[in-house]
Structures are given as structure tokens and as C-alpha cells.
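The values are calculated or read from the model by the stated rules, or taken from the named source; none is laboratory data. Just so it is clear, the structure is predicted and the values come from calculations on it, not from any experiment. Note that we place each Cβ from the backbone using ideal geometry, even for glycine, and neighbour counts take in every protein chain shown. All accessible areas refer to the heavy atoms of the entire protein, side chains included, with ligands and DNA or RNA removed. Shrake-Rupley method; radii C 1.70, N 1.55, O 1.52, S 1.80 Å.
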Amino acid sequence: MENREYKTVGKSFRKKDAMQLLTGKPVYVDDITPRNALVVMLLRSPHANAIVQEIRTDAAKKVPGVVDIYTWQDVPQTRFAIAGQTYPEPSPYDRLILDRHVRFVGDAVAIIAAETEKAARKAMKLIKVKYEVLEAVLDFRAAKDNPVLVHPEADWFPPCEVGGDNRRNLVASEVSAHGDVDGVMADCDIVIDRTYHTKAFHQAMMEPFICYTELDRYGRLHVVSSTQIVFHTRRILSRALGIPKSRIRVEKPRIGGGFGAKQTAVCDVYPAFVTMKTGRPAKISYTREEAQISGSPRHEMEVRVRLGASREGKIRVMDLYTLSNTGAYGEHGPTTVGLSGHKSIPLYTGSLEAHRFSYDVVYTNLQAAGAYRGYGATQGIFAVESAVNELAEMLGMDPTVIRDRNMVKEGMVMPAYYGEPANACALDRCMEHCRQMFRWEERYPVRDMGNGKVRCAGVAMAMQGSCISNIDVGSATVKLSEDGTYNLLIGAADMGTGCDTILAQMVAECMDCRLADVAVFGADTDASPYDSGSYASSTTYITGKAVEKACTQLKDQICAIAAQMMGCEKEEVVFESTRVRRMDTDQAVSLADIAYKAQVGNTQPAEATATHSSPISPPPYMVGMVEIELDKLTGLVTILDYMAVVDCGIPINPALARIQAEGGIVQGIGHTLMENVTYDRNGRPIESSFMQYKIPTRLDMGHLRVEFEHSNEPTGPFGAKSIGEIVINTPAPAIAHAIYRATGVWHRELPITPEKVAMSLVEKQHEIQA
Amino acid sequence: MEIKLILNGRQVVGHVDADTVLLDFLREKGCLSVKRGCDTSNCGLCTVLMDGKPILSCSTLAVRADGHEVFTLEGLQGEAADFIGFIADQGADQCGFCNPGFVMNTIALLRENPDPTDEEIRAFLAGNLCRCSGYDGQLRGIRNYLNSRGR
């Protein structure tokens, strides 16, 4: 698996921060910020849709230790979005720091700043609020054109034209098509028409949302946040608070997981507002309950797939309609929905003659959704891959063979993927590799274990992107130090994935030095070069390429300084790892000498910054196969084996790529079998703790096996594409497929709990008896 | 009220409220490895050893530690050093937020059962959630450590 061409790239190095993390060193926001900061807490709405008629804080303010309490009357009246996206954001400006109109159970009503948590909690109980409770929009299927408006305000503002209309509860809407969809559909032997439903799953990263703010020694707002997006957070705070960006600094220390949750500035505005008001350090630290009821989960989607095929199993046409529930605010609403079609339909580029993809994104009075690993692709792929499995089963075809015949292959142009090319695509090899490794032929048939349990298998494919084409920007600064070692400065945010390490591996490869000789720093808006942030699977592909470019520039500059030292032209010297040699005389100067020279009477910098963006977003591809054991009496589904083969281009660090895949698969298993999101009839979330929101433990995931099929992406650094998101996409369709094989029932709504499986078998029994 | 305990081998005197949980007391005493991941005893991030037994410090009152011996990861760096490098080699540390609790419970496991099977490892550590790694890398790390020790 290791790539012999390279010294450092393609090798499984430890993460640079690994030993600090494993020895429990203080590296997270709460560990490194003062304990005497003001405690910031939020009074949250008990109603799904209400107007604050009257709010009295006088008694609460008298609690000893309470510094101040703020309500909607105290905050700036400029609407903003908290989605971490490149300006102008596709997400609507629909928020205020505190709004008189509260739009979901958990929406912020008042900000409490106190010396202690105890005082803040006591004050919270003493705030008296009179609400005018309004009818709420709780069913996303009934949201569009509902007379009840989630955002009736006149100053609702979409910075981008995405087909939204707040007078219709619509955040975005679009129809796109290629070819004669209706004509081909009419000509098909078989048309499948199915609707699939996925829930607002939580990222459930181990460190909930947290942010610390203070005024620095220049009186500027200094923000230490657990965030994937330092630069976007600076811009968001600037607009929300009405202060210039030059007055704000945002940095992130180590982050206790993100998965997209921290691609939204969920909690940052509150302590920032308190610090600006009081001049004092302030910290907000969400409880797990707050992260569950007022976080930034996946968009609930209902995807209708109409799929037309020939009797021989040629998939000729696909027509997708996605209804996406963005909840009370529109963060990432207009963009996540796009991936439900753009990253599912193109899997079948090999045979599709036409496709259509349309969508509506609606407001409801439920928790606002945001970005979560997979970002809409997960929902779309559950639908499309399930529909293809349904087709295969109807035709009596092996579902891996039907995919062999229809899948996208290297060299194709993908009309459903923005017309981008599949430059590097090993999906066909992934399928073959996975089939062999999994022993598909043996395990696909249903086997009755003779004890009420059956074993069987399911399959799914997936794709994702490697950035947002023409939008994402990555930058890197590489500096030479006096002893010939390097500093790498980035604005991308390592949230545990190991991007600091893999980017340093690229520096080590380019500069022909040891990985230990590259120090990494990130991310800080004052010190890092601009980076849109770590999301959209873009860090390896985009920031990685910026690192490569910066190294090329730096080498050139080092050579120029060396040439000057040796009294020759730059073209006459060659960079050789720890020295620069003059080719004709073999005279050489060491890197250390060059670095010292760079600090004396020198005008040539021994550092370089490069920036990169890409017109294309090369998809990684993946095949996942699962074997389950299903108990027909209780409905319990046990994962025995999950095997996957991933084409992420050339893995920069195979161990870290493997962990990404394993972690993503287990999250996907959680969504499929146990993680549920439900509300009571008043819109109050039920699964508000880890007691109710069950994420997989190490007893719930069976045995994993992940391998790679390499492809070489010509536009990526060292042939790399991406790995972070794609890995969450195959479990839902593969497991739903296996459950069908075991029971004869298709489950088209996630999660597929034992209750649902058991009840479906009872219903099936009744049908047979009737 | 005043409590006296032995924290990481040192006598410590603390003043706590009746409702102070051990987790908050320990962080206040500078044991910042102890993390809070939930409030419902579900995640295992706050695992520490009291009288040698792993407990959840989020659901243990600080006063319950009065007169007892408590170890956090700060006090068991040497014992952890034996095996954590093997976890790092897998890249299974990931975001790291669950690591201290996971490492503490692994120490407890290995004290109790120095030669566990994979199934025993999974069962003992079932209460330590990790959202990043998918768990198998942690298991491989522990297994590699056990194998290296056997050699």
C-alpha cells in the first residue's frame, strides 16, 4: 500500500499532536483559557414558534455574581448567517444575536453573563418571559406555502440568488436537467418510483460547542474557538457585532471533533457580545443537551427517486426530487441539498442518458440544520443506492453486477456532476477488490442459521468531492529557520483528522527533509494565510496543493540566496535537501548558512506563501459491503463485517486515511441502526442526551476492514483526492439492502431500529395471512 | 465543606460545595485531562481511578472522594506511556478528546486483566465512546502493544 516513489508522502506517520492528546495535555479551548472568565449561558425558548411579549430581568440581575443579562432589545439589528461559507454566502441572513421572534424549542431568548455557573443558572430561573405562542410549522412536508411563516420579517436577506422566498417558507429551490428525461423514462422497460427519508442526525463530536472571548492587549476582540473556520468566524462576528475585521482575531487550538458541526459559528456570537459589552473575558460551553437541541445537525431530507431502466439492467434515466428541512434558520440549506443529487446521480454516468434533479429547501420550527460530513450526499446516496438495489432485486440481478454495467469510469465526463471529468476513478477496481475481499458470492445469499436468525449481505457505492470548485481557497506559508528546519503556517483547521500532519508530510517531501523538521501552526486569523477552512473534504486537495506551491517558491528563493552567497546565478545552483550546490564547481552552502544569511543584510525572504483554488472537485469513490445477522423475532440487526475499498487518489498517510474510513463507517452504522431524531407534538426534541441519542459503542460495529485502490489525480497534490466525507455514505444503503435480503422488506426511512424491523415482519405476516 | 484526598499521589485539601461533582473539582485542581462529554454518564470521557477502580467523575460527588485516593491521567503518565504509542501508530488518537478517559480505562483493564482477548477489550471499554476512530484502530493499538509485550 505504501508508495515507494516518495520518502514521506504515502507513509503512515503518527499525528504530530498524538502524544500530547494521548497523555491528556491541556490543548482544548476550556483547558487553555482562564477559569475566571465570565460564564455565559443562554435562556432558551420552550416554544417552537413564539413572540417575546415581555421579558423581565430585574430579579435575575439581583442574583449575586450576575454581571448582566441581555435580551432582544440590547442587540444590533443587523441580520446575519452563522454558516461558515465563502462570501457571499448562499445561506440567508436570517439571524439576530437575540430575536424577539423565537423559532424553535431551544432558540436563544436571553444571554446571561455571570461570575459563576451557579449564579447564571439561578438567574436563568428568575427571568420572567411572557410569550405569545404561535402556531408552529413542524412537518416539513407541509412547510412550503404554509400560511404560518417561520421568517415573516421584512429584513430577511439572501446574499445569493438561490430560489428562496421567505414568504413561502422557502430557503432555496432549483430544477436542473440533462437530456430528454420524460422521453427516456417513457421508453424504459421498468420505472421505479420510491421515496427515502433520512433524519437530522447529530455529529455528536465528543467536545461540545465552546468559545472563549477577551479583549487583547490592543483592545481587540480575541476569540479562541473550537471551530473549523477561523476566517469565516471572523467575518460572521464582524457583521453580527458591527465591528471591523481588523478589530477581531479568531484562533482555534486543538478541536475535540467537528464533522461539520463546527463549520457553523453555533455559539461564538454570544460570548463575543458579552465581551464587547462588559470588556471582560467570557466563555460559553454548551452542555451535551444544548449541543443536541441547539446545535447544527444534518438536514432531514426526503428524496424521491424515479429511476428508469431496461430489462437487462441498464440504468437509463434518473429523476430526483429532494425536499430538505433546514429547520428554523437556513445555515447550509441551499448548498447541502445540491449534493443529494450532484453526488449520487453521477455514480451512474456510465449508462445514464438523461437526468433531472430538483429540490426545495424549507423552513420549519425545528432545530436549525447545518453541515455534517457527507453534506447532503449521504442522504442522496441512501436514496439512489437503495433504488438501484431495489432495481437489482426486482430484476433478479446481482447488485454488484448491475453496478459494474452502469457505473462511472475513468475518463468519462459527468453531466450530473457539473460537467466535470472523472480524471482519476478506480470505482470499478474498488468494486472488484471489495467483492473478492468480502467473498461476495458466498455471503450475498441469505443463510438461515437455524436459530431464528439469518445472515446476508448488502452493497452500496459512494462518491463525494474534494473541494467546492472555483470557490474554496487554501493557502500555506513555509518558512526556513536558522537551523535548516521549517515552519508551516496554515489557516486550515485540524479537527483531529490529522491535516496538520499530512500537510507537514508534503512539506517534508517537497523540501526533502524529515517530518520532524517541519513545525506546523494553525489556525489563527492574525498569523495564518487565508484559508476558507476545513470542510467540503478540501484540506488535502486544496491546502495540500498550496503547500506544494509554497515549497516550490521557497526552494527557488533559497536557491537565489545561495547563489548570491556563492557569487553565481540562481540557474547555476541546485537544491539538495540540506544544502544548495553550485553545479559547475560543486561548491555548496548549507541550509543553515543560507538561513542565517537570510537574517543579515538580506532583501530576499526565506519564506513563501502560496494560494490555491481549483476549477474542478475530483470525486473520491468507494464501495462498501456489509454482512449482518438479523434476529427475526426481535428485529435486532447485528453488524458482523463491514468491508470497504476506497479510491481517495493517493493516500498521503494511509493509517490516517484508514481511520477516517473506519470512523465514517461507524458513524454511518449509527445513523442507520440506532441514532434517531424525533420531536414531541410541541416540537420539543426527544433525543436530547446520549442516554436517548445512542451512538455506536465498540460493541455495535462488528469487524471493519478497509483497503484502498489507488488512482492518480493529476490536479491533486501527489495524486491525492479526499477521504474525510465519502466514508459515511455507504452504510445506510448497504445495511438497508441487507435487511431487505433478510426480511423481504425495504426500509426507506432511517434509522432502521429493531422495533421497525420486528413490526415490519409482523405486518408482512398479516399480509400473507390476509 | 472541606475534603481531604490523595490526588495523583499527593495529599490535597479542597473546599467544595455539597453538589460539586468530582470532575469539576479535579479540573479546578489542574487535572485538565479529565473531560466532560455528556452529563448522563454515557460517554466515559471523565473516567478516573478512585482507589484503583475506574469511575465516572461526572457522576461522583467530590465529597465522595474524601479520604480516598484518586488518580487522573496526569498521575499515571508512566503507566500510560507503555501502550499509548501503539495507539498513536494507528492514528487512532484522532481529535483526542476521548483519549484520557479511554487511556484511564485501558489502564484499569490491563491491571485487572493483563492479557485480555479482543472481545474482553471491547467489553471492558464499551463505556468509552469515540466518535472519530470507529474503535478498530484503538483495538489494533492495544493488540499490538500486547503482542509486543509477549515478545
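Beta bridges per DSSP, both residues in the stretch A:101-257: antiparallel share near 60 percent.
How many square angstrom of accessible surface are buried between B and A, both sides summed, with a 1.4 Å probe and rounding to 100? Can you show the working numbers first?
Working: alone 7960 and 27980 Å², together 31610 Å².
Summing both chains' loss of accessible area gives about 4300 Å².
Of A:Met394, A:Met124, which has the most accessible area and how do the rest follow, probe 1.4 Å?
Numbers: A:Met394 110, A:Met124 45 Å².
Most to least solvent-accessible, the answer reads A:Met394, A:Met124.
Just to confirm the number: angle between the C-alpha axis of helix B:77-90 and the first principal axis of chain B, 0 to 90 degrees, nearest 10? Tilt of helix B:77-90: around 40 degrees.
Spatial offset of the stretch A:395-457 relative to the stretch A:567-635 amounts to 36 Å, using the alpha carbon center of each. No solvent, one uniform scatterer per C-alpha: report log10 I(q)/I(0) for the stretch A:55-192 via the Debye equation at q = 0.15 1/Å, two decimals. Reported log10 I(q)/I(0), two decimals: -0.91.
Give the Rg/Rh ratio for the stretch B:16-151, taking Rg as the radius of gyration of the Cα atoms and Rh as the Kirkwood radius, to two decimals. Walk me through the intermediate numbers first.
Working: Rg = 14.7 Å, Rh = 15.1 Å.
My calculation puts Rg/Rh at 0.97.
Between A:Ser310 and A:Asp155, the FRET efficiency estimated from the beta carbon spacing at R0 = 51 angstrom works out to 0.45.
Remark: C-alpha extents of the stretch A:374-430 on the principal axes read 33, 25, 19 Å, sorted largest to smallest. Note on A:252-262: average number of Cβ atoms from other chains within 10 Å of each residue's Cβ is 3. The heavy atoms of A:His342 present about 30 square angstrom of accessible area, all protein chains included, probe 1.4 Å.
Overall, the stretch B:2-74 carries a charge dipole of about 220 debye about its Cα centre when +1 sits on the Cβ of Lys and Arg and -1 on the Cβ of Asp and Glu, all other atoms neutral. Contact with the other protein chains removes 50 Å² or more of accessible area, compared with the isolated chain and a 1.4 Å probe, from these residues of the stretch A:658-694: A:Ile659, A:Phe690. For the stretch B:2-74, the fraction of alpha-carbon pairs lying more than 20 Å apart is 16 percent, rounded to a whole number.
Checking every one of the GluC sites (Glu not before Pro) in the stretch A:77-183 against DSSP loop status and a limit of 12 other Cβ atoms within 10 Å picks out A:Glu135, A:Glu161.
Taking 0.890 mPa s as the viscosity and 25 °C as the temperature, the Stokes-Einstein diffusion coefficient of the stretch A:614-670 based on its alpha-carbon Kirkwood radius rounds to 182 µm²/s.
Can you list the chymotrypsin sites (Phe, Trp or Tyr not before Pro) in the stretch A:198-237 that are in a DSSP coil and have 11 or fewer other beta carbons within 10 angstrom? Display every interim value, and only then the final one.
Numbers: sites: A:Phe201, A:Phe209, A:Tyr212, A:Tyr218, A:Phe231; in loops: A:Phe201, A:Phe209, A:Tyr218.
The qualifying sites are A:Tyr218.
Once all protein chains are placed together, B:Val13 keeps about 70 Å² accessible to a 1.4 angstrom probe.
With helices as the sole contributors, the protein assembly as shown gives -8500 deg cm²/dmol at 222 nm; each DSSP H run of n ≥ 4 counts as -39500 (n - 2.57), and the sum is divided by every residue. Note on chain A: antiparallel DSSP beta bridges, both residues inside, total approximately 80 percent of the bridges counted. In the protein assembly as shown, the alpha-carbon atoms span a convex hull of 183 Å³ per residue.
Please identify every one of the trypsin sites (Lys or Arg not before Pro) in the stretch A:299-360 that sits in a loop by DSSP and has no more than 14 other beta carbons within 10 Å of its own beta carbon. Numbers along the way, then the final one.
Values: sites: A:Arg304, A:Arg306, A:Arg311, A:Lys314, A:Arg316, A:Lys343, A:Arg356; in loops: A:Arg311, A:Lys314, A:Lys343.
Those that pass, being in a loop and sparsely packed, are A:Arg311.
The fraction of accessible area contributed by carbon and sulfur in the stretch A:80-237 is 51 percent, rounded to a whole number (1.4 Å probe; ligands and nucleic acids excluded).
Give me a single rounded figure for B:137-145: the average over its residues of other chain Cβ atoms within 10 Å of their Cβ.
Numbers: counts 7, 2, 3, 4, 1, 0, 0, 0, 0.
Per-residue shielding by partner chains comes out at 2.
Taking every full run of DSSP H in chain A, the ones that stretch at least 15 Å from end to end by Cα along their long axis and average -1.0 or higher on the Kyte-Doolittle scale are A:230-241, A:377-395, A:427-438, A:499-511, A:544-566, A:654-673, A:731-743, A:754-769. Highest mean first, the peptides A:731-743, A:673-685 sorted by other C-beta atoms within 10 Å per residue fall in the order A:731-743, A:673-685.
Ranking A:Ser711, A:Ser577 by solvent-accessible area of protein heavy atoms (1.4 Å probe, all protein chains present), from largest to smallest, gives A:Ser577, A:Ser711. Probing with 1.4 Å while keeping every protein chain in the model, the per residue accessible area of the stretch B:76-148 equals 28 Å². Give, to the nearest whole percent, the P(r) tail of the stretch B:76-148 beyond 21 angstrom, counting all Cα pairs. Roughly 12 percent, rounded to a whole number.
Report the local net charge at A:Lys694: Lys and Arg +1, Asp and Glu -1, summed over other residues whose C-beta lies under 9 Å from its C-beta. My count for the surroundings of A:Lys694 gives -3. Measuring nothing but alpha carbons in the stretch A:143-244 and taking Rh as the Kirkwood radius, the Rg to Rh ratio lands at 1.15.
Could you tell me the distance between the Cα centroids of the stretch A:192-251 and the stretch A:126-183, to the nearest Å? First find each Cα centre; the distance between them is then 24 Å.
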